[in-house]
Amino acid sequence: MQRRRFIKILATSAAGLSLGSIASAHTALEAVRWSGYTLGAEGSFTLYTKDRASAQKALQHCFAEIRRLESLFSLYDPGSELNRLNRNGQLDAPSPEWQPLLAAANQAHTLSNGLFDPTVQPLWQAYAKHFKQSPDTNEGPSHKVICTALARTGWQHVHHDAQTIRFDQPEMQLTLNGIAQGFITDHISNILKDAGYQHVLIELGETRAIGTHPEQRPWSIGIKDAQHPDKLHDVAELDNQALATSGSYGSPFSEDGHYHHLIQPQTGLPATHWKSLSVIAPTATQADALSTGLSFASAKQIDDIEQAHTKLRVLKQG
């Protein structure tokens, strides 16, 4: 589930590949911090506690859960449940986590007027195959190739209940790369909340804050500039919220960047309205899915969605 990181955690230090802790000068709590490689890219946890040993044990449990959920939803694990579904067109006795994830995908599909659609994997494969065969070209696949892939997509062709997930069209495939990282982030957040932690920041591609910073202020998250990724475009403040960012510059297919991983599900073309789009939402699952889907939305469509859903905030880079 590779994705380039589009955000920067502000006012944190400690980097490394092992658990560590750093005392806070402003609180009686101790910051237990981990940073390393997970879910296909760098990630980090910061939680404040009076019991460092218990916090480290809780984080180890979180890492085990990340690996377990990856074994369900990863495109890159040949034995994952997702790959079994994609190979066979049906998955019997899916793990329980599938139902809330697919329900969230359906909600995002509806809210975005179909712009979020996890069935775009055949389109992604068509672009990936084309540019693998012709790595030096800046020309995309033919109209016929795109139309053939489009005929294998459509969220309405995915049917699911607790017993079975199935496609009613041949050669369909799902990608959960636009929602699974957020879903896993929320799952980890719930584990830590249930364990009693009140000041936590989780960054697994999508960012989720539990409570405020111990200094009784929001967590400050820098959003990278799409034109100059070494600089910041904006700073978001999170208080019991999540942030996700999608950008067309994150994973280009062609050298000129015209063809990239964000593919409009209704046209089959990588035609985003925004160079980068961030969503602040109550959950990382929702922020993740909508940052992908709303990348294809116009300014008016986004304004209408924000007015109808006041807990959402969309930050755009044109």
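Quick note: the coordinates plus some simple rules give every number you see, no bench work behind them. Keep in mind that what you see is a predicted model, and the values were worked out from it rather than measured. A quick note on method: Cβ atoms are made from the backbone with ideal geometry, for glycine too, and the neighbour counts reach across all protein chains shown.
Among 172-178, 103-109, 78-84, how do they line up from the highest to the lowest mean number of other beta-carbon atoms within 10 Å?
172-178, 103-109, 78-84
State the Cα centre-to-centre distance between segment 32-69 and segment 246-309 in whole Å.
Each part reduced to its Cα centre gives a spacing of 29 Å.
For segment 194-204, what does the Karplus curve 6.51 cos²θ - 1.76 cosθ + 1.60, with θ = phi - 60°, yield as ³J(HN,Hα) per residue in whole Hz, taken in order and with x for Gly and Pro?
Calculated HN-Hα couplings, in order: 5, 7, x, 7, 10, 9, 9, 10, 10, 10, 10 Hz.
Evaluate E = 1/(1 + (r/R0)^6) for Ala271 and Ala41, where r is the Cβ-Cβ distance and R0 equals 25 Å; express this FRET efficiency to the nearest 0.05.
0.50
Using the basic label-point model (7 angstrom from Cα toward the beta carbon), what is the Asp51 to Ser71 distance in nanometres?
Roughly 2.8 nm, to one decimal.
Take the Cβ-Cβ distance between Glu306 and Gln133 as r, set R0 to 35 Å, and report the resulting FRET efficiency rounded to the nearest 0.05.
0.25
For His273, what residues show an amide H to amide H distance below 5 Å, using hydrogens built from the backbone and excluding near sequence neighbours?
Distant-sequence amide H within range of His273: Phe296, Ala297.
Can you list the residues, at least 5 places off or on another chain, whose amide H is less than 5 Å from the amide H of Asp225, using H built in the peptide plane?
Sorted by chain and number, the residues that satisfy this are Lys231, Leu232, His233.
How would you rank 152-158, 119-125, highest first, on the average number of other Cβ atoms within 10 Å across their residues?
119-125, 152-158
For the chain, what does the helix formula give at 222 nm: sum of -39500 (n - 2.57) over DSSP H segments with n ≥ 4, over the residue count, nearest 500 deg cm²/dmol?
-10000 deg cm²/dmol
Students often get this wrong, so try it: which of [x] 41, 20, 18; [y] 33, 23, 18; [z] 28, 25, 17 is semi-axes √(5λ) of the Cα gyration tensor in Å as calculated from the structure shown?
The value matching this structure is [y].
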